[in-house]
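The values are calculated or read from the model by the stated rules, or taken from the named source; none is laboratory data. All of these numbers come straight from a predicted model, not from anything done at the bench. Don't worry about glycine lacking a Cβ; one is built from the backbone with ideal geometry, like all the others, and counts go over all protein chains shown.
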Amino acid sequence: MPMNQGQATPDGAAKRAEGPSAVPIRIVLADDHAVVRSGLRMLLDSEPDFEVVAEASDVDSARRYVRGHHPAVLLLDLNMPGGSSLEAIPAIREESPGTQIVVLTMQQEPAFARQALGTGALGYVLKEAADDELVEAVRRAAVGQSFLNPRLGARLASEPTGPPDDLSKRELDVLRLIARGHTNAEIAGQLYLSVRTVETHRSHIQKKLRLSTRAELVGYALEHGLLDPSS
């Protein structure tokens, strides 16, 4: 409901801050399941200060709608067609710096939350969470504040965030490239090493970490933040 600007009082600013915003929080909603989007839209539309301006069913359309509408918040599902939502987060932030991202997902592994927040998302909400948690996350993101599911936050706080001291810098470089999907030959080319040296580093890494498969190495790298852009 529009405010009557002619009846402003000294405490009008405080009242406006407590009540619905005069300028709605514009939201792009991205989830590949139509039924989920419908339920989320009903929840968001029930808030007087929220406005859903577009719905996307894949990563490409989410990026397109964000570029077109420049919403305050993008509510982004992690598992959608059209590429990795996690990998798209930095690009979306670059294309629309004023848009904050709240991830909504079923992924409860701390590694996913750490990577999402590390690459630019401000919120991480589980789909099983209560409705008011999602509403709070959107409101916080709109004013530049972060939100993390409390239970997941406790798990993140209790787990180690860095690699063990017995991995050398070169081994960390090799591990990052393995986790990003590079072959031994590609790693050798990037690090100016021989393929045999890369194979030796990989063997040492697996022995030190007691891991045997590439999937386990990828999981380790994710959990320890080794795939963050700054790492």
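Kindly provide the set of residues from segment 72-84 that are touching a strand residue (DSSP E or B) at 6+ places or on another chain (Cβ under 8 Å) and either surrounded by fewer than 22 Cβ atoms within 10 Å (Cβ to Cβ) or under 18 Å from residue 146 (Cβ atoms) (or both), ordered by number.
72, 73, 74, 75, 76, 78, 79, 80
Within the group 128, 216, which residue is exposed (fewer than 14 other Cβ atoms within 10 Å of the Cβ) and in the same structural domain as residue 23 (by TED's automatic domain parsing)? Break it down into steps so the answer makes sense when it comes.
Working: 216 fails: in the same structural domain as residue 23 (by TED's automatic domain parsing).
Answer to the check: 128.
Look at segment 190-231 and say how many of its residues are part of a helix (DSSP H, G or I) and in contact with a helix residue (DSSP H, G or I) (Cβ under 9 Å, 6 or more places away or on another chain). Steps first, please.
Applying the first criterion (part of a helix (DSSP H, G or I)) to segment 190-231 yields 190-191, 195-209, 214-223.
Now drop any that are not in contact with a helix residue (DSSP H, G or I) (Cβ under 9 Å, 6 or more places away or on another chain), which leaves 190-191, 195-199, 201-202, 204-206, 208-209, 214, 216-223.
Residues meeting the conditions: 23.
Looking at 167, 78, 172, which is the one that is more than 30 Å from residue 204 (Cβ to Cβ) and modelled with pLDDT of 80 or more? Steps first, answer last, please.
On the way: 167 fails: more than 30 Å from residue 204 (Cβ to Cβ); 172 fails: more than 30 Å from residue 204 (Cβ to Cβ).
None of the others qualify; the one that does is 78.
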- With respect to the numbered conditions (1) loosely packed, with under 13 Cβ neighbours inside 10 Å; (2) at pLDDT 50 or above, which one is the sole condition not fulfilled by residue 7? (2)
- Can you tell me which of 171, 186, 216 is of a type in the set (D, E, K, R) and over 23 Å from residue 118 (Cβ atoms)? 186
- Task: Please find, within segment 86-108, the residue that is surrounded by the fewest Cβ atoms within 10 Å (Cβ to Cβ) out of those that are part of a helix (DSSP H, G or I), modelled with pLDDT of 90 or more and in contact with a helix residue (DSSP H, G or I) (Cβ under 6 Å, 6 or more places away or on another chain).
- Result: 95
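If you check residue 57 against the conditions, is it surrounded by fewer than 17 Cβ atoms within 10 Å (Cβ to Cβ) and among the hydroxyl-bearing types (Ser, Thr, Tyr)?
Numbers: surrounded by fewer than 17 Cβ atoms within 10 Å (Cβ to Cβ): no; among the hydroxyl-bearing types (Ser, Thr, Tyr): yes.
So residue 57 fails the test.
Take the conditions of a type in the set (Asp, Glu), modelled with pLDDT of 95 or more and either assigned to a helix (DSSP H, G or I) or in the same structural domain as residue 140 (by TED's automatic domain parsing) (or both) and apply them to residue 51. Does it pass? Write out each step before concluding.
Numbers: of a type in the set (Asp, Glu): yes; modelled with pLDDT of 95 or more: yes; either assigned to a helix (DSSP H, G or I) or in the same structural domain as residue 140 (by TED's automatic domain parsing) (or both): yes.
For residue 51, the condition - of a type in the set (Asp, Glu), modelled with pLDDT of 95 or more and either assigned to a helix (DSSP H, G or I) or in the same structural domain as residue 140 (by TED's automatic domain parsing) (or both) - is met.
Among the listed residues 46, 96, 38, which satisfies the condition of being of a type outside the set (A, V, I, L, M, F, W, C) and touching a residue at least 24 places away in the same chain (Cβ under 8 Å)? I'd like the intermediate steps shown before the answer.
Working: 46 fails: touching a residue at least 24 places away in the same chain (Cβ under 8 Å); 38 fails: touching a residue at least 24 places away in the same chain (Cβ under 8 Å).
None of the other options fit; the residue is 96.
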- List the pairs whose first member sits in segment 180-201 and is free of Cβ contacts under 8 Å to residues at least 60 places away in the same chain, whose second member is exposed (fewer than 13 other Cβ atoms within 10 Å of the Cβ) and hydroxyl-bearing (Ser, Thr, Tyr), and whose Cβ atoms are under 7 Å apart, counting only residues at least 6 apart or on separate chains? 188/194
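Can you give me the number of residues within segment 55-82 that are outside any helix (DSSP H, G or I) and at negative phi? First the steps, then the outcome.
Taking segment 55-82 as the starting set, the residues that turn out to be outside any helix (DSSP H, G or I) are 55-58, 70-82.
Keeping just the survivors that are at negative phi gives 55-58, 71-81.
Looking only at that region, the number is 15.
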